[in-house]
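Single-structure report; data block below.
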Amino acid sequence: MGALDEGHLNLDLDIGMKNGCIDLAFELQPETLAIQDAVKLLLQALHEDVNREGIKKTPFRVAKALREGTRGYKLKVKDYVQSALFPEAGLDEGVGQAGGMGGLVVVRDLDHYSYCECCLLPFHVRCHIGYVPSGQRVLGLSKFSRVTDVFAKRLQDPQRLADDICSALQHWVKPAGVAVVLECSHIHFPSLDLDSLHLSSHRGFVKLLVSSGSGVFEDESSNLWGEFQSFLMFKGVKTQALCRNGSSVKEWCPSVKSSYNFSPEEDPEMVSAVVSILKSLGEDPLRKELIATPTRFLKWMLNFQRTNLEMKLNGVNSAKVNGEVKEKRLHCELNMPFWSMCEHHLLPFYGVVHIGYFCAEGSDHNPIGSSLMKSIVHFYGFKLQVQERMTRQIAETLSPLVGGDVIVVAEAGHTCMISRGIEKFGSSTATIAVLGRFSSDNSARAMFLDKIHTTNALKTDSGSPF
């Protein structure tokens, strides 16, 4: 090794030294390794091959996502706020209120995500903050999002998150008062019962509106609170749905009400694995809010055991045509809900599947029924998946049952898109698989896609939420 190389090595070592120890790379840190080991155990409990190509790196990806999503434990509000308080003159006393002396400032639509302390699944947070400056100084607007992130990137529940943001801004900014309103959305827990998978509850979220106030905002019946709420209503926030005094907050997580039963005695090794994850994130598994979290998380995970679901084709092996075939007509089954779990990050994705196929007029009605198609969608959804593969599998299974001409479109929202570094809120993914006539007939594909558009447009016009 040359002198120049040695110098670079020594410099790297000096930079990496903290308190006499080398700062280990993320993948070598004990917390990362502990989470990876725990995830491997959970995957094996789901009867997955941890050496399978698509899943081999999942333990590391999960560890990275979880540690990144709970980095708030190591962040400090003062590091963001102290250097971002700017002088701003107000109006003379008795003249009015503006600027750094009593002028209401409202910052809206700050999108964040947090991890639910009840079940370890991410939930979406849209944060709105109002404050009344004092002391002739104002806080840089970007810092409101920074402060929110400090507390959102922890295991949280909505009310405590609102209180944490409010009290931190009151303490470090020292305004006349702070008001915080959070719009929180938590993914529903799926049901293994096909009959209970209704679209109306499937595509929605558990939604909750919570608030917190300090200083001049402590009284939520005051005129100032009313002004703050008016600014939120301008943006479509339904402030009348605000939960007061923590009501309805304690059981907002769907895992609390889930009907799936799992006893810690059933698999203590799996419970220990989740406890290990909590410790590696810097949490105390014995904190009263977290005692039942391992069990609730496992309720979610065990929904996706490979052996839990069975697909029944009801004796239908292929499409049979009786008598003279006049022509084939397009049949559609649209907006069939599904749940799945991304095998790359062990995070849910959910949405609807649309199926189109050509059915001969001379056949005995439809080759297959709606319930069978839903069963097939359900079967391929409830496992560790990727959306592209699921779409293909549904098409390949249906093809021999409908005579070969089939098109499948899946539309889904992926929580891995919001709860990792990318943080793309509101994004969705569509995938398509075409077989037989649909693979070469552009007009047939266009006809089917137009059916999806027309059906969904009618639902929107009629006031349907989906």
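Counting only protein heavy atoms and using a 1.4 Å probe, the accessible area of ARG108 comes to about 80 Å². To the nearest 10, the accessible area of SER427 is 50 Å² with a 1.4 Å probe. Computed on protein heavy atoms with a 1.4 Å probe, the accessible areas place THR455, THR295 in the order THR455, THR295, largest first.
If you take every residue apart from ARG126 with its C-beta less than 14 Å away from the C-beta of ARG126, what net charge results, scoring Lys and Arg +1 and Asp and Glu -1? Write down the numbers at each step before the final one.
Numbers: positive: ARG108, LYS207, LYS235, LYS238; negative: ASP109, ASP111, ASP149, GLU183, GLU423.
Summing Lys/Arg as +1 and Asp/Glu as -1 gives -1.
Expressed as a fraction of 2.2 N^0.38 Å, the C-alpha radius of gyration for segment 135-183 is 1.14.
Report the local net charge at GLY72: Lys and Arg +1, Asp and Glu -1, summed over other residues whose C-beta lies under 9 Å from its C-beta.
On the way: positive: ARG71, LYS74, LYS153, ARG154; negative: ASP149.
Its environment carries a net charge of +3.
What is the sum of charges, Lys and Arg at +1 and Asp and Glu at -1, for the other residues whose Cβ falls under 15 Å from the Cβ of ARG146? Result for the local shell: +2. Using the Cβ-Cβ distance between SER221 and ALA84 with R0 set to 51 Å, the FRET efficiency from 1/(1 + (r/R0)^6) comes to roughly 0.95.
The values are calculated or read from the model by the stated rules, or taken from the named source; none is laboratory data. All of these numbers come straight from a predicted model, not from anything done at the bench. When we count neighbours, we look across all protein chains shown, and the Cβ atoms used for this are built from the backbone with ideal geometry, even at glycine. Quick note on the areas: whole protein, heavy atoms, side chains included, nothing else; ligands and nucleic acids left out. Shrake-Rupley method; radii C 1.70, N 1.55, O 1.52, S 1.80 Å.
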